[in-house]
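Visitor: Before we start, here is the structure in question, set down as structure tokens.
Every number here is computed from the coordinates shown, using simple stated rules; none is lab data. Computed from a predicted model, the values in this text were never measured in an experiment. Because the Cβ atoms are built from the backbone with ideal geometry, glycine has one as well, and the counts that use them run over all protein chains shown.
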Amino acid sequence: MVRFLYVEDDLSSQQIMQVLLIDIMGFSDVILLSDSEQFAQRMAALDPVPEVIFLDIHVRPLDGYAMLAVLRDLPQYQQTKIIALTASVMSSEVESLRTVGFRSVIGKPINPITFPKLLTAILNGSEVWDISWG
């Protein structure tokens with residue numbers, strides 16, 4: 001079974017992700033972090049490591065870019081699928097996400113209709129750059 005981690009400071013976004021992953025898609029191993037305090041230490045302590053990590057780009061104190069850099073410095077996360085979640089869907093930010101090393105981005109608010117298909121594509125090895133709702 002796939003293990004997920006979601007770093008998100010917005011409670012309603014956390015709840016939506018839980019419903020989608022657990023209730024709709026049938027996954028059971030979902031870890032939620034409401035901030036990025038002591039992120040490197042928390043990630044180093046996770047065992048087993050998640051196969052998929054969703055990072056809200058605007059979390060504090062470390063934003064999604066900084067959390068990605070931390071994860072890429074930890075050897076156990078080299079093969080992890082790391083997905084950016086953001087409401088900032090301007091083409092310049094999407095290009096910035098791609099440039100720094102994200103392999104997928106999903107725009108917020110998350111579309112509950114398309115999310116399962118997008119996640120399935122990611123789990124099957126595809127990159128997803130979905131910034132539209134609808």
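Visitor: For the chain, what relative contact order do you get, as a whole percent, if you take Cα pairs closer than 8 Å and at least 6 residues apart? Intermediate results must be reported in sequence, preceding the final value.
Guide: Numbers: 206 pairs, mean separation 28.0, N = 134.
Relative contact order comes out at 21 percent.
Visitor: A follow-up question, please. If each residue of separation counts as 0.36 nm, what is the full-extension length gain between Glu127 and Glu37 once their alpha-carbon separation is subtracted? Let's see the in-between values first.
Guide: Working: separation 90, 0.36 × 90 = 32.40 nm, distance 2.82 nm.
Contour length minus Cα-Cα distance gives 29.6 nm.
Visitor: Moving to a separate point now. Using only Cα atoms, what Kirkwood radius does region 3-130 have, in angstroms? Intermediate values should be presented prior to the final figure.
Guide: Details: mean 1/r = 0.0686 Å⁻¹.
Here the Kirkwood hydrodynamic radius works out to 14.6 Å.
Visitor: Something else now. Picking from Ile83, Thr120, Leu32, whose Cα lies most toward the positive end of the charge dipole for the chain (charges on Cβ: Lys, Arg +1; Asp, Glu -1)?
Guide: Thr120
Visitor: Continuing with the same structure: Within a Cβ distance under 14 Å of Met1, other residues only, what is the Lys/Arg minus Asp/Glu net charge? Walk me through the numbers on the way to the answer.
Guide: Numbers: positive: Arg3; negative: Asp29, Glu51.
For residues surrounding Met1, the net value is -1.
Visitor: A follow-up question, please. Sequence gap at least 6, Cα distance under 8 Å: using those rules, report the relative contact order of region 74-134 to the nearest whole percent. If you can, show how the numbers build up before the last one.
Guide: Numbers: 62 pairs, mean separation 21.0, N = 61.
That works out to 34 percent.
Visitor: When the helix-only estimate is applied to the chain (DSSP H runs of n ≥ 4, each -39,500 (n - 2.57), divided by the residue count), what is the mean residue ellipticity at 222 nm, nearest 500 deg cm²/dmol?
Guide: Value at 222 nm, helices only: -9000 deg cm²/dmol.
Visitor: Now a separate question. Gaussian network model of the chain, Cα springs within a sub-10 Å range: biggest mean-square fluctuation belongs to which of Asp63, Asp29, Asp47?
Guide: The residue with the greatest mean-square fluctuation here is Asp47.
Visitor: Using 0.36 nm times the number of residues separating Leu74 and Ser88, minus their current alpha carbon distance, what extension gain do you get? Walk me through the numbers before you get to the answer.
Guide: Numbers: separation 14, 0.36 × 14 = 5.04 nm, distance 2.72 nm.
Extending this stretch completely gives an extra 2.3 nm.
Visitor: Looking at the chain as a GNM with Cα springs under 10 Å, which of Ser92, Ser28, Ser104 has the largest mean-square fluctuation?
Guide: Highest fluctuation among the options: Ser92.
Visitor: List the residues, sorted by chain then number, that are 5 or more residues from Phe54 or on another chain and whose placed amide H is less than 5 Å from its amide H.
Guide: For Phe54, the qualifying residues are Leu5, Tyr6, Val7, Ile83.
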